[in-house]
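Since the structure comes first, as structure tokens, the remarks are kept for the end.
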């Protein structure tokens, strides 16, 4: 990791129930951001607390948009850690339902929920200054940034080919070193894949994103122990997949940025539906990207790259958090403002 990620720890939030009800939920010492080791050890309690607070916020609107994004980030990070820690998907879903059921059963004035929300807000004040994060999966990692000058909001890069999949700012990709006006709103990021073009390489005509089709295979496809090319990653048989086509193709600069455009690349941008299909996958799964040469290009062959789904949703949520934001109201004041 590039730097030590700070850990903002809450106190215990006791989610108790009346006698005779289901077991109490104890969401303990959960942080907005955890190191990989701490997350593996405390992911179950962190996940319970984050799931409960997300449900409570849906009803009570305790958090502003930036704080809700930070909570979403932590929720998806903890969920991914549980699944990678060999929790059954059915168990994780049951934990989520239990936490949500507790949260929606409580009034917005509930002291335990208000106290936990207040601590989350205080933690976020420090966390909001963090410019980038890295989210490690089983084999790969996502890098997410919140700076005005970065081309990518969130990306995963294949170490062999340099292919990147993730969220890109299209205008910025056309002028990576251009001035970024802090007073102008950031353009909307787009789900895309970038293929760098070494000297002499012809740009492929299209790229296909291959993902598991849940209608044909409803269960996560976790593959074998070694995966494709020894990477540990694999996709289902093609008969169980969807092949997604890009909405737009564009020649842009490719990393390393700042080399005066010496390294071109071809960018294939997908629509929101494609991003939704990717996000719906289990974080332990992988997708394949096939780069297809033009029919007129007889010297090139199709090229394929695998990308781990990992904690993409956590990285995407982090990248959307604005750097500058007003001082938040307290949870009690916001609960009163919505009439609860």
Practice prompt. For the range 175-190, indicate whether the set of residues that are touching a helix residue (DSSP H, G or I) at 6+ places or on another chain (Cβ under 8 Å), at pLDDT 95 or above, under 26 Å from residue 83 (Cα atoms) and buried (at least 16 other Cβ atoms within 10 Å of the Cβ) is non-empty.
Written response: no
Worksheet item: Would you say residue 123 is within 21 Å of residue 315 (Cα to Cα), in contact (Cβ under 8 Å) with a residue 12 or more places away in the chain and outside the structural domain of residue 173 (by TED's automatic domain parsing)?
Response: yes
Worksheet item: Does residue 146 fit the bill of being outside the structural domain of residue 274 (by TED's automatic domain parsing) and in contact (Cβ under 8 Å) with a residue 24 or more places away in the chain?
Response: no
Worksheet entry | Where residue 24 falls short, out of the listed (1) modelled with pLDDT of 90 or more; (2) surrounded by fewer than 16 Cβ atoms within 10 Å (Cβ to Cβ) | (1)
Worksheet item: Mind checking which residues of the range 235-263 are in a strand (DSSP E or B), touching a residue at least 60 places away in the same chain (Cβ under 8 Å) and crowded, with 17+ Cβ neighbours inside 10 Å?
Response: 252, 253
Worksheet entry | Hits in the range 204-232 (condition: buried (at least 17 other Cβ atoms within 10 Å of the Cβ), modelled with pLDDT of 90 or more and not in a strand (DSSP E or B)) | 204, 220, 221
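The values are calculated or read from the model by the stated rules, or taken from the named source; none is laboratory data. Treat the numbers as computed from the prediction; the structure is a model and nothing was measured. Every residue, glycine as well, gets a Cβ built from its backbone with ideal geometry; the counts of neighbours run over all protein chains shown.
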